[in-house]
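Student: Next up is a structure, given as structure tokens.
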Amino acid sequence: MSAAAQDKAALRREILAQRAALTPEQAARNGLAVTALVRGIPRWRSAAEVLAYWPARNELDPRPLIAELWGRGARVLLPRCRPDQPGVADLAGVACEADLVVGAFSIMEPGPACAVTSEAAPDVVLVPGVAFDRQGRRLGFGGGYYDRLLALPNLARALKIGLAHAFQVRDALPSESWDLPVDALCTEEGLLWFV
């Protein structure tokens with residue numbers, strides 16, 4: 001294992017331990033603060049199609065934002081991992097929470113009744129991560145799912161917003177040639193823009 005890979009693995013362990021230690025009250029408070037900040041972004045308010053994620057293991061919770069999208073009739077897309085292709089996920093439209101099933105890594109994802117689309121062109125992408133830095137770089141779990149999703153040509157014009165707890169932000173992260181930064185990063189402490 002390279003030194004960079006060892007650094008990433010150590011950082012993942014450290015931040016995931018901090019995330020696991022959050023109380024439900026702290027996680028909910030952070031989520032509400034981030035939700036309020038995202039709602040103030042003009043492109044969010046006008047978004048007709050959004051690629052989001054369903055939270056797992058104390059990730060910053062975007063479910064109030066997803067519920068808002070459903071309430072205003074916007075199209076919500078969630079990733080669904082391909083069981084036969086590690087690191088690859090498809091995008092599927094989800095109309096309500098009942099459409100979700102337990103998928104790969106015990107994460108809720110669109111069920112078989114949710115149609116996969118290759119025509120999606122979301123206005124906004126809500127991006128999870130283990131860590132982010134102050135240049136918009138992201139550290140994920142190492143599977144490459146979001147690296148591949150964010151590189152899709154039909155996501156090129158989308159506003160990519162990283163969502164995280166403030167302790168997940170570092171001054172700098174190791175970066176690879178395929179890493180694509182987010183356009184903005186939202187934590188309970190505020191909104192950082194990189195574009």
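Derivation of every value follows stated rules applied to the coordinates shown; laboratory data play no part. Owing to the predicted nature of the structure, the values given are computational and were not obtained by experimental measurement. Glycine also receives a Cβ, built like all others from the backbone with ideal geometry; neighbour counts cover every protein chain displayed.
Student: May I ask for the net charge around CYS81, where only other residues with Cβ less than 9 Å from the Cβ of CYS81 are counted and Lys, Arg are +1 while Asp, Glu are -1?
Tutor: Values: positive: ARG80, ARG82; negative: ASP90, GLU109.
Computed value for this residue: 0.
Student: Under a Cβ-Cβ cut-off of 12 Å, what is the net charge of the residues other than PRO128 that fall near it, where Lys and Arg count +1 and Asp and Glu count -1?
Tutor: +2
Student: Working out 0.36 nm times the residue gap between GLU25 and GLU97, then minus their Cα-Cα distance, what length gain in nm do you get to one decimal?
Tutor: On the way: separation 72, 0.36 × 72 = 25.92 nm, distance 2.25 nm.
Gain on extension, GLU25 to GLU97, equals 23.7 nm.
Student: Give the Cα extents of the range 1-96 along the principal axes, in whole Å, largest first.
Tutor: 47, 37, 23
Student: Would you mind getting the Kirkwood hydrodynamic radius of the chain from its Cα pairs, rounded to one decimal in Å? Intermediate results must be reported in sequence, preceding the final value.
Tutor: Details: mean 1/r = 0.0591 Å⁻¹.
Value: 16.9 Å, from the Cα pair sum.
Student: Still on this structure, I have one more. Specify which residue in the list PRO83, PHE132, LEU100 is farthest towards the positive end of the charge dipole of the range 65-183, using unit charges on the beta carbon of Lys, Arg (+1) and Asp, Glu (-1), about the Cα centre.
Tutor: About the Cα centre, the residue reaching furthest to the positive side is PHE132.
Student: Separate question: Taking 0.36 nm per intervening residue step and subtracting the Cα-Cα distance, what contour gain separates GLN18 from ALA104 on full extension?
Tutor: Details: separation 86, 0.36 × 86 = 30.96 nm, distance 2.31 nm.
Roughly 28.6 nm would be gained on extension.
Student: About the Cα centre of the range 38-109, what is the dipole size in debye to 20, counting +1 per Lys and Arg Cβ and -1 per Asp and Glu Cβ, all else neutral? Don't skip to the answer; put the middle values down first.
Tutor: Values: 9 positive and 9 negative charges, 65 e Å.
About 320 debye.
Student: Find which of TRP193, ALA156, PHE167 sits farthest along the positive direction of the dipole of the range 151-195, computed with +1 on the beta-carbon of Lys and Arg, -1 on that of Asp and Glu, about the Cα centre.
Tutor: Selected residue: ALA156.
Student: Continuing with the same structure: In debye, nearest 20, what is the charge dipole magnitude of the chain about its Cα centre with +1 on Lys and Arg Cβ and -1 on Asp and Glu Cβ, if you could check? Numbers along the way, then the final one.
Tutor: On the way: 21 positive and 22 negative charges, 36 e Å.
Here the chain has a charge dipole of around 180 debye.
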